[in-house]
Structure formats: structure tokens, C-alpha cells
1. Across the range 87-135, what fraction of all alpha-carbon pairs, as a whole percent, falls in each successive 10 Å bin from zero upward?
2. In what sequence, highest mean first, do 32-42, 74-84 appear when ranked by Cβ atoms within 10 angstrom?
3. Given 5 Å bins starting at zero, what is the percent of C-alpha pairs of the chain in each, up to the one with the largest pair distance?
4. Can you compute the FRET efficiency between Lys101 and Leu62 using 1/(1 + (r/R0)^6), with r the Cβ-Cβ distance and R0 = 30 Å? Round to the nearest 0.05.
5. Under a point spin-label approximation (7 Å from Cα along Cα-to-Cβ), what is the Glu179-Lys28 distance to one decimal in nm?
6. Estimate the FRET efficiency between Asp154 and Ser93 by the formula 1/(1 + (r/R0)^6), using the beta-carbon distance for r and 25 Å for R0, to the nearest 0.05.
7. Which value, in Å to one decimal place, does the Kirkwood hydrodynamic radius take for the range 117-189 when every pair of different Cα atoms is included?
8. Sort 127-135, 17-25 for me by packing, meaning the mean count of neighbouring Cβ atoms within 10 Å per residue, highest on top.
Amino acid sequence: HDEQVLGTGWMAGPRTLFTAGHNLFSHKLGRAAQRVTVIPGRSGDMAPFNFFRSRSFDVHPLWRATGDEDHDLGVVWLKAAVGDDIGWFGFGSRSDAYLQKLIVNTAGYPADKRLGTQWFNAGRVSEVAARSLVYGLDTEPGQSGSPIFMLSADDERVVLAVHAYGGDSRNRGVRITDEVFDLFESWKR
């Protein structure tokens, strides 16, 4: 039977969208999505930059094999070079000290709001772990896969984590470590 999963992703190259692995592969059900529809900049019923279907995607091997939340990462590859028209985020690995108390932002599509409307939020990193960041952002289901990003000194948006788990008091994303950075670079198209 068909199930739909609402999630968020972010462009990281001309044809590359990163997201949470659980948006693409259910470890609990042991199966992957059949296809993904990407609607950049969706605003309610409007798709200002068109929409794109893809059957080309993957997840971190440890997410697929074990459901390890510290590796809950996925990628969708698009045939069209959407990023050339709308742009994409940079991403980076930063030290524990750099990340402590850093103000970060997110943008995503929470399921508790009017379906398909993008919401933004800012807050501080409250906990830095080896493979995750915990932050004071308001998130809801549907925002899994959102970029957790900072604004650099020259106003560049640099993603530091991929949002994957939320709750009333604890929101957590998979940190972009040097290892994740290398994986993302290998996935980037």
C-alpha cells in the first residue's frame, strides 16, 4: 500500500538534495521510498520553482543497516540542475569549541502548520556531541531533513547539521563531521 512521508531537504549542489535518511528509508519497515517528489520553495499550493520527481536516492550505509540515529542521512539526486537556478547551501565541519552556544537557524516544512508552508527559526546550540548537535529550535514532524545552518561573516549560509529528531525540549540533528563532509562531497552532483 502507498504511504506518503512529508519531509524537508536542502539543495547542496546543482542536482543534489540532502535530507534525513528516515525520509527515504524506513529502518523499522525495512524498505525504501519508491519515488521522491521535490518541490523547491513550496508555498502552500504553489510550486514557484516547479517540482521534480526522482527515483535516484541513497542513505548512509549505517542508517540502512542498523538504524543508527547518528547516521540518519540521505541524498536525492535530480535529473534537472535545479540548483543552478535557485542556488544551494554550503556545508561544513566545525570544532566542538566553535559550535558551543552558536546561534543556528533552520528552515523547513512543519506538518502542524498549513501544509506546504516554509517556517524559519533561530536558536542556540545547547549540546555538542561527537556526531550530533542539540539546539533550542522549535521543530515539528515534517521538518526532518532541514538544514541547521549558521550565517558566516560574509552572510553565506553554511549547514552544520541535518535536523532529524525533535521534541518539546530537545531537538537534535546529525552533525556534519569531517567524515560526513567527505560523504556529502562524494554524494554531491
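1. Here the calculated profile for the range 87-135 is 21, 42, 30, 7.
2. Answer by packing, highest mean first, reads 74-84, 32-42.
3. Result, from short to long distances: 1, 8, 18, 22, 22, 17, 9, 3, 0, 0 percent.
4. Working: r = 29 Å, r/R0 = 0.97.
That pair, Lys101 with Leu62, gives E of 0.55.
5. According to this spin-label approximation, the distance is 2.6 nm.
6. The formula returns an efficiency of 0.85 here.
7. Hydrodynamic radius (Kirkwood, Cα only) of the range 117-189 equals 12.9 Å.
8. Highest mean packing first, the order is 17-25, 127-135.
Here, each number is a calculation from the coordinates, and none is a lab measurement. What you see is a predicted model; the values in this text were computed from it and never measured. All Cβ positions, glycine included, derive from the backbone under ideal geometry; neighbour counts span all protein chains shown.
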